[in-house]
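The values are calculated or read from the model by the stated rules, or taken from the named source; none is laboratory data. Everything quoted here is computed from the prediction, not taken from an experiment. Every residue, glycine among them, receives a Cβ derived from its backbone with ideal geometry; neighbour counts consider all protein chains shown. Just the protein is used for accessible areas: all its heavy atoms, side chains included, with ligands, DNA and RNA removed. Shrake-Rupley method; radii C 1.70, N 1.55, O 1.52, S 1.80 Å.
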Amino acid sequence: SLVIRGEKDEQAVLCSKDKTYEMKIADTSNMLLFIPGCKTPEQLNADQVSCNIIHSQIAGFSNNYWELRRCRPKLKKLRKLLMEDPYEGPDSRKDQTSITSKYTTEDLLSLIQASEEEILHQLQVIDACRIEGYWRILEFDYEMKLLNHVTQLIDSESWSLNKVPLRTCLEELGPLEPTEMIEHILLSYGKKYVDDGEVYFEMREDKICRAIAQMLLQNAVKFNLSEFQEVWQQSVPEGMTTRLDQLKGLALVDKSSRPETIFLLKVEDLPEDNQERFNSLFSIREKWTEADITPYIQDLCAEKQTVGTLLTKYARSSMQNGVKVYNSRRPIS
């Protein structure tokens, strides 16, 4: 089945089960006629002795049709809706008295311009979980509290980061937090597998390091890069190694300042529209290298489109100290 989605102020899109298309009216110079019971030449018997002229009734006509073009699903609104009321834990007074809207799958299907599969995949990407039938995002401090419980338990039990047992985690941490929250954090930051009938998790080093970096950076406007790297490595669980490439699309290093600094710049906070995204990036920094800008525009690539194509369309390239850099094609106010 096909569904047309969009609120009154949005451009309508057409969705199948797993794809999204923009809809545009295209004019045609060949008038389209609607004829009830119309027969095409193939349906007529060619060797009929008498070929009679058939008088057809024309029920209607059209000079245009809808043209569909595959487009990126408009998923930015999904996070925005769920962030209206992030989940702060079972003891949160705010959650018990909250009257803000919460969203079921059906609600999201009627509000988000994307196919069902694309919406469900994005809910997984943003680590949303279902609580009492509603999709929720964990409030960041609460998420870090849960992650901290798990990493401290791994440390105290001297478990391998590749083999964290679900059952023991639930038994040990159950008195502190709801078991479904413990399991959710393990699913968010680990990869589930079964060994000898027992469920284990292989913890994802890059994702844990990235979350801890976000926690350190979110309270500072800018952070001295070498100091940050030192504090960051000391803050992650033992056995994990921090690397700057774990922070793609989350933080940006300013190499032009002395000393070098790092600051939080999350790709999900940037506009969804292509031109607005580039305007926003060029107002943050006048000239970008391809390596620096790629994490911030990769998600804009449509089907069969590359980062290079986007840069050609929205940016102008030049050489600076032997390095290719990109700046805006239009003046940034």
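Using the beta-carbon distance between GLU132 and ILE54 and R0 = 56 Å, what value does 1/(1 + (r/R0)^6) give for FRET efficiency, to the nearest 0.05?
0.35
At a Förster distance of 30 Å, what's the computed FRET efficiency of ASP195 paired with GLN305, Cβ-Cβ distance as r, to 0.05?
So the FRET efficiency works out to roughly 0.15.
So which trypsin sites (Lys or Arg not before Pro) in the stretch 1-61 pass both tests, a DSSP loop state and at most 15 other Cβ atoms within 10 Å of the Cβ?
Numbers: sites: ARG5, LYS8, LYS17, LYS19, LYS24, LYS39; in loops: LYS8, LYS17, LYS19, LYS39.
Passing both the DSSP loop test and the Cβ count: LYS8, LYS17, LYS39.
Summing -39500 (n - 2.57) over the DSSP H runs of n ≥ 4 in the chain and dividing by its residue number, what mean residue ellipticity at 222 nm do you reach, to the nearest 500 deg cm²/dmol?
-10000 deg cm²/dmol
With a 1.4 Å probe and all protein chains left in place, how much accessible area per residue does the stretch 140-203 have, in Å²?
Normalised by residue count, the accessible surface of the stretch 140-203 is 52 Å².
Collect residues whose amide H, placed 1.01 Å from N in the peptide plane, falls under 5 Å from the amide H of ILE131; neighbours closer than 5 in sequence don't count.
It is ARG136, by chain and number.
Give the calculated FRET efficiency between LYS77 and GLN43 to the nearest 0.05, with a Förster radius of 41 Å applied to their Cβ-Cβ distance.
About 0.30, to the nearest 0.05.
Can you work out the Karplus-derived ³J(HN,Hα) for every residue in the stretch 258-269? Use 6.51 cos²θ - 1.76 cosθ + 1.60 with θ = phi - 60°, whole Hz, and x for glycine or proline.
Whole-Hz 3J(HN,Hα) from phi for the stretch 258-269: 10, x, 4, 10, 9, 9, 6, 8, 8, 4, 6, 8.
Gap in Å between the Cα centre of the stretch 290-333 and the Cα centre of the stretch 158-235?
About 34 Å separates the Cα centre of the stretch 158-235 from the one of the stretch 290-333.
Before anything else, pin down the relative contact order of the stretch 140-203: Cα pairs under 8 Å, at least 6 apart, normalised by residue count, whole percent.
Relative contact order here is 37 percent.
Report, by chain and number, residues whose modeled amide H sits under 5 Å from the one on GLN113, excluding near sequence neighbours (fewer than 5 apart, same chain).
Here LYS74 satisfy the definition.
Run down the lysines and flag those whose C-alpha is under 29 Å from the C-alpha of LYS255, throwing out any fewer than 8 positions away in its chain.
By straight Cα distance, LYS255 reaches LYS207, LYS222, LYS266, LYS287, LYS313, LYS324.
Hey, got the dipole for the chain? About the Cα centre, +1 on K and R Cβ, -1 on D and E Cβ, debye to the nearest 20?
1700
How high is the relative contact order of the stretch 95-236, given as a whole-number percent (alpha carbon pairs under 8 Å, six or more residues apart)? Provide the component values of the computation, followed by the final result.
Values: 109 pairs, mean separation 22.8, N = 142.
After rounding, I find 16 percent.
Is any residue of the stretch 263-307 close enough, with backbone N under 19 Å, to a label point placed 7 angstrom from the Cα of SER257 along the Cα-Cβ axis, and if so, which?
The answer is 263-267, 281-289, 292-293, whose backbone nitrogens lie closer than 19 Å to the label point.
Counting only GluC sites (Glu not before Pro) that sit in a DSSP loop (anything but H, G, I, E, B) with at most 12 other Cβ atoms within 10 Å, what is the longest stretch of the chain containing none of them? Walk me through the numbers on the way to the answer.
Values: sites that count: GLU7, GLU10, GLU84, GLU132, GLU238, GLU286, GLU303.
It runs 133-237.
May I ask you to derive the relative contact order of the chain, considering only C-alpha pairs under 8 Å and at least 6 residues apart, and to give it as an integer percent? Please report the intermediate quantities before stating the final value.
Details: 422 pairs, mean separation 37.1, N = 333.
11 percent.
Straight distance only, please: which lysines reach the Cα of LYS17 with their own Cα at less than 20 Å, same-chain residues fewer than 8 apart left out?
Within the straight-line limit of under 20 Å, LYS17 reaches these lysines: LYS74, LYS76, LYS77.
What is the magnitude of the charge dipole of the stretch 115-182 about its Cα centre, with +1 placed on the Cβ of each Lys and Arg, -1 on the Cβ of each Asp and Glu, and no other charges, expressed in debye to the nearest 20?
Numbers: 5 positive and 14 negative charges, 40 e Å.
In total the dipole reaches around 200 debye.
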